Each structure stands twice: as C-alpha cells, then as structure tokens.
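Working notes, structure below.
Please treat every number below as a calculation from the coordinates, not as lab data. The model shown is predicted, which means the values in this text are computed figures rather than measured ones. Don't worry about glycine lacking a Cβ; one is built from the backbone with ideal geometry, like all the others, and counts go over all protein chains shown.
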Amino acid sequence: MRYDRPEVEGMQTRIKLGVRATGHVGGLLVRRLRHGPARPSWPLAYELAVGYVRWRFALPMSFSDARRSLDEVPALGALRGVQTTERAYGGVRCVEHTRASPSSQSASPSSSAGARDERVLVYLHGGGYCTGSPWSHRPILGALTRTLGARVVAVDYRLAPEHPCPAAIDDALAVLRALLADGVAPERLWLAGDSAGGGLTLATLVAARDAGLPTLAGAVPLSPWTDLTGGQPSHGAHGLDYLPEPERLVTYARAYAGALPLTDPRVSPLHADLRGLPPLLVLVGGAERLRDDGVLVAARAKEAGVDVTLHVEPDEIHVWPMFAPWSPRAQDAIDRVAAFVDRTAR
C-alpha cells in the first residue's frame, strides 16, 4: 500500500461503528467510576483507548477489513518532526524515517562514508503477519526516529495469506542485504519489530546468520510472537489485553504458516537455534497475552549464549508504545531502546 491516507470505510459503516463505539466507551467509563481503574497505574484516557481497541479487535473482520482498520488508527501527530521517504531496498518497498530538518534535501546519506557512520534501525511492523504496514505503526516509528536520531527503515513486507512464510523473512533479509551493500556498517545496524514483527525479527536474525551475513549491532523484539501454536499459558489469560482470544490468533498463525507446521522455527522462532545472534533487548508487557512468548524466547536465547536484556513492564499490555500519548510508559520503552542502541553501537 502507498504511504498516504488509506482508503476509508463507507460513511454509513463508519457512522454505525461510531455509535457502537461511543456506547462501548461510555460503558467503560461507568465501570471505572463504579469499580476503579482496570489497572492501578492506568490513567482514564489510557483505559478508554485500550478498551476501544479491544472492542474493535473483537469485531468479526476479514483480513482486508482488518488491514484497513489498522491503517486508520489515528496517529495524533505521530510523525511530527519526522521526514518520510518511500524507497525500495532489495526490491522491497520501505518507508525511511529521519528527523526533519529545514535544510534536509534527502533522508539518505550522501556518501558511503556517511552511510558507515550513520545509525540505521530496520523496523518490522506487527499485525499477525496478515495485517499492518508502515502506516499503521506511525506512533512507534515516529517516536523511535525522534528519540534515536537514527534512520528508521520500516519494511512493507509481504503479508499472509497471499504470501505465507517464508516470504516475510525473505523480504526482511533482502532489505538487510541491500543496506549492507549500500555501505551501512553492520555494527551500526539494528533490527526491531513488534508482535509478529518481533517474531519476524528473530527469524530474520537466524536466517541472516545461516546466510553468512555479518552480525548486526543488536535487535529489539517488542512483545514478540514467538510461539504460533497457541500453547503458552498467557495466551488464554490477561483479558484486559486487546489481542483476541487464542482461537483467532491461531487463525492468523495458520494463514502465515501456510504449508509449514506451526512448530517450524521459521514460523515459531521459540523453537529456533538462537546461537550466534547479536545482543537482544526483549520488551514485554506484564499484562499481555504474549508475555510468555517474550519471556521464554529471552531465556532460551540466554541459554544459547546470547547477550539478552529482558524487561517486563508491569501492568502493560501488548505493544504499549503504540498507545502514546495515552500510556504513561510508552516513551519509557522507547528510551530503553535508545539506551540499548547506545550501549551496543560499535
């Protein structure tokens, strides 16, 4: 899809949804007034925002409707102070994000020397491998760009079910190859992603290692989906999270796996050989359905000799930095990524 305003739903449908959403949010407000916050640390605006997204995600939707719904999430100035440029790397469409400057003419470095000195973070969006895009993830992409001061390359990788595994891995690997060929130094190159993109981050690192690519500076799986079998206890818990029930998650998982078993390490990197990966910062919400996916993969990576930092944010749900400015801890997570990038830069 193009990186501009997405096609919107019909006006009649939008009005109906608006009326239903207003009633749902009103019910949440009454419940909070009667029983207090859903979580002690949740401000009112955050609880209402999470409740709305949870309600919207519970609606029956086709993959195409879900894609449109995600892309229409209000950005609330998410790209303020950020310059975006569409560009293909290795034949894969990407959107580059850099800090906006009145004198900037291009988001790309002007020389190979500049490329080697520059910090570049490749970002793989979430969305269950079947939805999501650089457009849907503007809140995280904008915050990362402003805070890190790095070039953030968001990959518009191919989605399932049209393109099952390993298409997304192939696309992410092609982008890394192209950036390295353009002169970006591996010690100044990071990979990050949320949810399905967090699992894809790990699967891509394994593929890059097996392909003999240079080891990157580090990687940040955020709320990673690493076990697509649906077998982790947290998948059926944490009803405050907006992720759907395990039965719907498995529908996405099977669409992505295609002909592969759900236990294939390319599909579920929890089962992959994680030896030789670069340093990892794994960020997980303590109140999210995929909590166990992140905690377990961090433990297995550590057992494999990887430098792993695991941070579990109490009270937080799935990919909470997407809820800026409502979440009081969204920027804290971004700051942790910035500190990790500073620590692992070589």
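Among all stretches of the chain without exposed GluC sites (Glu not before Pro) (DSSP loop, at most 11 other Cβ atoms within 10 Å), which one is longest? With a cap of 11 other Cβ atoms within 10 Å, the longest stretch comes to 163-346.
Residues whose amide H comes within less than 5 Å of that of D315, counting only those at least five positions distant or on another chain, are G286, A287 (H built at 1.01 Å from N in the peptide plane).
Between the amide H of G127 and those of A196, G197, distances stay under 5 Å, these residues lying 5 or more places away or on another chain, with hydrogens modeled in the peptide plane. Per residue, the chain reaches -12500 deg cm²/dmol at 222 nm when only DSSP H runs of four or more residues are counted, each adding -39500 (n - 2.57).
In angstrom, the C-alpha Rg and Dmax of the range 192-263 are 13.9, 42.
Annotation: amide H of T309 within the under-5 Å range of L280, L281, V282, sequence separation 5 or more or interchain, hydrogens built in the peptide plane.
Overall dimensions of the range 196-346, expressed as equivalent-ellipsoid semi-axes from the Cα gyration tensor (√(5λ), whole Å, largest first), are 23, 22, 12.
Counting only DSSP beta bridges whose two residues both lie in the chain, roughly 35 percent are antiparallel. For the pair L33 and D342, the difference between a 0.36 nm per residue extended length and the Cα-Cα distance amounts to 106.9 nm.
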